[in-house]
Amino acid sequence: MLVITNGRIFDPCHGIDQPGELFIKEGKIESVGTGISFPSSAPMIDAKGLIISPGFVDLHCHLREPGFEEEETIASGTQAAAVGGFTTVCCMPNTDPPVDSKSIVNWIKKRASENAVVNVLPIGCITKGRKGKEICDMAELAEAGVVAFSDDGDSVPDSQVMCHAMDYSRDFDLPLIEHCEDKSLTNGGVINEGWVADRLGLKGIPAAAEEIIVARDLALARLTGAKLHIAHVSTRGAVELIQHAKRNGVPVTAEVTPHHLTLTQERIMNMSNGGGQLKYDSDAKVYPPLRTQDDIDALLEGLKEGVIDAIATDHAPHTQAQKKCELELAAFGISGFETAFGSLMGLLHAGKIDLGTLISKLTCEPARVIGRGNDLGTLRVGAMANIVIFDVDREWQVDRPRFVSKGKNTPFDGCWFKGKVLATIVNGEILYQDDSVRVNHE
Amino acid sequence: MADKILLSAEEMSRALARIAHEIVEKNKGTEGIILVGMHTRGVPLAKRLALMVKGFENVSVTVGTLDIGLYRDDISSGELKLAIRETRIPIDITGKKIILVDDVLYTGRSIRAAMDALVDLGRPEFIQLAVLVDRGHRELPIRADYVGKNIPTSRTEDIRVDIVEIDGKDEVSIIKSGKAR
Amino acid sequence: MTISAVGSDASVQPLSGVSSGVWQHHHVLDLDEFSRGDIENIFKTSNIMRQILDRDVKRVPTLRGKTIVNLFYEPSTRTRASFELAAKTLGAEVLGFDAVRTSVAKGESLVNTLHTLEALGTDVIVVRHPQSGVPYIAAQEVNCSIINAGDGCHAHPTQALLDLYTIWRRIGKLEGLKVVIIGDIKHSRVARSNMWGMSKMGMKVTLSAPSTLLLRDIDQFISQSGMSHVDVVSNLDNAVEGADVVMPLRLQLERQEEGLLPSLREFTLRYQLDGRRLSLANRNVIVLHPGPIHEDIEIASEVAHGSQSLIEQQVTNGVAVRMALLYLITRTKRGDQT
C-alpha cells in the first residue's frame, strides 16, 4: 500500500490535471482524486509542490544483455531507467546473440524477472541474425512476447525483404521499428554532413541517408498496410515525409530522442560557449548524428502537431574504452536514461514545449505505439501503479561518475538542468527516490 | 631603490675610448679584428668602439652581432625572453681575431654561450672579451681582456646600464633590490 | 660567410623589429588558434633557424636534454625526416615511434600509447594520424607538447606554415596576395590549414576543384569559421587569372576508385596545372606543392621543375619552420598555454 498526497495529478492523455491523492493497493492504482479514502496505516509520500504522472515508457533502449555486459546489464540499465523516471522500457534486439528466436526472448524475460527493477519489454529482430536477408520467425517471437520488431543499429537494406517483413508482421499487429540509414551514404561518416564536419575534417552523414529509408519505408507501409514506427527521427526532411504520410493515412508512428531535440552538430566541437580549444568529443557521437537548429525546430513542431508520437531515449551505453579513442573509431551512442527528463525540461522552461505534450510523449503515446495504451502510461484506476513524481523546478547538475548506468557516455556532463525526477514507482513499489523524498509510516 | 650612479656619460665615453686604444695596442694594430657585439647592449657598444678606432687609426674595423639565445644553458628556467635576434657577422670568422663586446660581465655564463656560438660559426684565431662593467661573482673560469670599470657588488644588487642608442642616455648605476631588467 | 637574418632569396621587407608578440602556445594543433602576430613570430624565428641550416656546423644545443617523439600512424618520409632533422639540429633527442608497425599491430590503444610516451619523459610528441582530431585527443590526454604533423582530412599546420613562410621569403609580403589552391580540397588537410593561415594573413584564397572534391557546405564553412577572402572558381583558367601563388594538391589515385572522379584523364584535362594555365597568372607567379608530386596528373612536369616552382625551397624552409616551432613551444610552460 502507498498513498501519494498533496500533489498535482497529471495524466494529459486522459485529461487529468488536478490536485489530490493517489492510493495504490496490491500494485495497482486503487483510487485517484480528492478526498479519497485510504487506510491510515498506509505509508505516505507528501508530494506538495510536485507532479504525479504516469511512469515514462521508453520505446527504444539498449540494455546490452546478453553479450555486452561490460557496457550495461538488465540490472544496471533498468536501475538507470528508474532514476530517469522510466517504469517501462523496450529493449532493442541488437545483442549477442541477437533476439531472433523465442529462446532468447525467454532468456531476457527470465533475466528481467530476476534482475530488472522496471518493466522490460523485449523487441525482436526483423531478420535472422540481424543480417537483413531472411525474416525471423515472427509468430514465434510474437508469442514469446515481443512488442515490436526491429533490426535497430541497421536498416533492413533490401527493400524486398522489408516489404515481406511488413506484409508478414500484419498478422501479429506489431509495429516494425526502423532505424533509417542508407549505409552506402553513411559509410565512414562520423557526424552530420555540414559545416562542422567540414571544419573538423570528418566524413559527413547527410540527412538524405535517413530520409531515403524513411521515404522507402513509408511507401512500403502504404503498400502493405503494416504498422511502421520510425526510430530516432532527426531531420526536417524526415518529419515532413512522415507528416505527409500520416495525412494520407499511412499507419506510421515516429519517435525522437531527447538529444536530437536539445543538441546540435556544433556540440561535438565543444565550442558552444564561445571559443576554447577545438574538441573532437566522442560523447556527442551518436547515430543519427546531432543535426542543426533548423532540424530541431522541425522536430519540436512535429511533436506539437502529432507527427512525432513519442520521445524515446535510444539509451546506448558504452564503455570508456569504446569512447576514449580516435573519433572515427569511437562507438556511436549516448547513455540517455538519466539525463532524458532533465534535458527535456530545459525545452519546457524555454517555452519550446508545454508540459502536457511533453508528458504525453513520454507516457501514453509511446504506450499506444506498441498497442499498450490501456495498461501502460496511464493513471487509470485499476492499471498497474507505474508512476513518476517529479519537481519541475528542482535544479541539479549532471555528474556522470554518479550515473547508475554503466555507460558514462553523455554529452550533458556538467550541465545544469531544471526539473528532476524525485521518485519512481513500479508496480506499486518505490524503486527510486531522491534523497529529499520521505515516506512516512504512521 | 635609490640608484647610485657609477659611471656618468662622460666617464663611460672615456672608459670606452681607453678600451678602444687597448684593443689596438694589445693586438698591435687592427689587422683581422672583428668586434662582435652581444645582444642587446653589446651591439651599440661594439659599434662605438669601431667608430673610436676609426677616429684615431683611420681604419674600418669589421663589426658583427651575436645572439646567444640558442646557446643558453638556462632554457628551462622559463625566464628567458623568447625572441631570438639577428646574428650577423659579415665575413667568415675563421682565422680572425674576435673581440666579444658586452655591457656587464657577471657569472660568465653568457660569455660561455657566446663562445660556443662563435666556434659553431668557424675557427677564429682567438677570442678576447671586452666589457663595460665587471661586477664579479664569476661561476665559470672566464675573465675579461678589457674592462671599462670594475665594480664590486653584492648578489642582491643589480647593475643597470643605459646606452643612448637603446635607453636614451649613457649611464651605469647600481640598484639595491629588485630587477634592473 | 654571410649570415643574414632576412631571406636571401628576395628583397624581404623585414617585419617590424624583433618578434614582439608573446608566444603562449604549448601545442601546434592548427592555424585557427594562431594570430597573425604568432605567425609573424614563427617567420622571424624561422629566419634565424634558416641561418643555422645554411652554415657549416648545422647544430645548436638549444634543446639539449629534450626528448621529441615522432609518433607516426601513417607512412611518411618527408614530414618525418623534416621533423627529425629539425629536432636534431636543435640538439634534441629524437625517438621514432613508428606506430604503423609497432603497437597498433599489438592492439595498443592510442590513449595507452600516449601515456607510455609521457611516462618515458617525452617533451614533445609530433603526431601524424590517418584520422582527424587525434592530436586534439593527445593534447587532452598528456602534458607533453603536441605538434600536429597531419591528422586525417583535418589539418597540417606545419605544412601550411612552411608554405606561408616560403611565399613570404620570396615575395616579401603576404597581405593582399592571390592564392589558388587546386584539386582535392575535400580530403586535403593542407588546404584546410592553409585556408586558415592565408585568411589570417590577409591573402585572397581561390579554391578550384570539381564539385565532388569540394566541401559540401563550403559557403557555410567559410562564414561560420570566420574566414575572409575565400572563394570558389570551378573553372581553373578563370581561377588562375591574376594569381600570385598557385598550389596544386596531390590527387590521391583512390579518388577515382571511390567514384569521385570519372577518370584521371578527365581530371587532368580540367585541373592539371600546366604551362598554358600558369601563363594566365601574374608574371611573377610562384608554384608550391605540398608533395609528393604526381607528375603530369595534378601538375605538369614542366611546371613542377620550372623556374616558377619553389617546391624544393619548401623542403628546406620546412626544416626551419619546424625548428622554430620546436623552439617556441618548448619555451612555454604548460600553465601559460592558450
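The values are calculated or read from the model by the stated rules, or taken from the named source; none is laboratory data. The shown structure was predicted, so the numbers you read here are calculated from the model rather than taken from an experiment. Here the Cβ positions follow ideal geometry from the backbone for every residue, glycine too, while neighbour counts run over all protein chains shown.
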Considering only segment A:184-202, I want to know if a residue exists there that is among the charged types (D, E, K, R), away from chain C (no Cβ under 14 Å) and part of a helix (DSSP H, G or I).
no
Only listed residue being modelled with pLDDT of 95 or more, of a type in the set (A, V, I, L, M) and over 30 Å from C:Ala243 (Cα atoms), chosen from C:Ile147, C:Ile137:
C:Ile147
If you take the residues of segment B:96-111 that are within 14 Å of another protein chain (Cβ to nearest Cβ) and at pLDDT 95 or above, which of them is surrounded by the fewest Cβ atoms within 10 Å (Cβ to Cβ)?
B:Lys96
Flagged in segment A:203-244 as charged (D, E, K, R) and more than 14 Å from chain C (Cβ to nearest Cβ), in numbering order, are A:Glu210, A:Glu211, A:Arg216, A:Asp217, A:Arg222, A:Lys227, A:Arg236, A:Glu240
So, restricting to helices (runs of 4 or more DSSP H) that lie completely within segment A:265-355, which ones have at least 3 residues that are in contact with a strand residue (DSSP E or B) (Cβ under 6 Å, 6 or more places away or on another chain)?
A:337-349
Before we move on, is C:Leu117 surrounded by fewer than 22 Cβ atoms within 10 Å (Cβ to Cβ), under 13 Å from C:Leu71 (Cβ atoms) and in contact with a strand residue (DSSP E or B) (Cβ under 7 Å, 6 or more places away or on another chain)?
yes
So is A:Asp375 under 30 Å from A:Phe38 (Cα atoms) and assigned to a loop (DSSP other than H, G, I, E, B) or not?
yes
Output the number of the condition that B:Leu6 fails; it satisfies all remaining conditions of (1) under 14 Å from B:Val147 (Cβ atoms); (2) surrounded by 21 or more Cβ atoms within 10 Å (Cβ to Cβ); (3) not polar (S, T, N, Q).
(2)
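Would you confirm, using the coordinates I've provided, whether C:Gly91 is out of contact with any Cys (no Cβ under 6 Å at 6 or more places or on another chain), outside the structural domain of C:Val246 (by TED's automatic domain parsing), part of a loop (DSSP other than H, G, I, E, B) and surrounded by fewer than 23 Cβ atoms within 10 Å (Cβ to Cβ)?
Working: out of contact with any Cys (no Cβ under 6 Å at 6 or more places or on another chain): yes; outside the structural domain of C:Val246 (by TED's automatic domain parsing): yes; part of a loop (DSSP other than H, G, I, E, B): yes; surrounded by fewer than 23 Cβ atoms within 10 Å (Cβ to Cβ): yes.
Against the criterion (out of contact with any Cys (no Cβ under 6 Å at 6 or more places or on another chain), outside the structural domain of C:Val246 (by TED's automatic domain parsing), part of a loop (DSSP other than H, G, I, E, B) and surrounded by fewer than 23 Cβ atoms within 10 Å (Cβ to Cβ)), C:Gly91 qualifies.
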If we take segment A:100-179, then helices (runs of 4 or more DSSP H) inside it with 3 or more residues that are in contact with a Lys or Arg (Cβ under 9 Å, 6 or more places away or on another chain) are A:138-144, A:159-169
Looking only at segment C:25-44, how many residues end up being in a helix (DSSP H, G or I), within 12 Å of chain A (Cβ to nearest Cβ), out of contact with any Gly (no Cβ under 6 Å at 6 or more places or on another chain) and surrounded by 23 or more Cβ atoms within 10 Å (Cβ to Cβ)?
0
Filter result (outside any strand (DSSP E or B) and surrounded by fewer than 18 Cβ atoms within 10 Å (Cβ to Cβ)) within segment A:409-426
A:Asp413, A:Gly414, A:Cys415
Scan A:Gly77, A:Gly49, A:Gly7 and give me the residue that is within 27 Å of the chain's Cα centre (by Cα) and part of a loop (DSSP other than H, G, I, E, B).
A:Gly49
Considering only segment C:172-184, I want to know if a residue exists there that is surrounded by fewer than 24 Cβ atoms within 10 Å (Cβ to Cβ) and within 11 Å of another protein chain (Cβ to nearest Cβ).
no
Can you pull out the residues in segment B:118-144 that are crowded, with 17+ Cβ neighbours inside 10 Å and not β-branched (Val, Ile, Thr)?
B:Leu118, B:Asp120, B:Leu121, B:Gly122, B:Pro124, B:Gln128, B:Leu129, B:Ala130, B:Leu132, B:Asp134, B:Arg135, B:Ala144
Please indicate, with yes or no, whether at least one residue in segment C:52-65 is assigned by TED's automatic domain parsing to the domain that holds C:Gly121, more than 29 Å from C:Leu114 (Cα to Cα), of a type outside the set (Asp, Glu) and buried (at least 21 other Cβ atoms within 10 Å of the Cβ).
yes
So which residues in segment B:32-69 are more than 16 Å from the chain's Cα centre (by Cα) and touching a residue at least 60 places away in the same chain (Cβ under 8 Å)?
B:Gly32
Complete set of residues in segment A:1-56 that are under 25 Å from A:Val118 (Cβ atoms) and of a type in the set (Lys, Arg):
A:Arg8, A:Lys25, A:Lys28
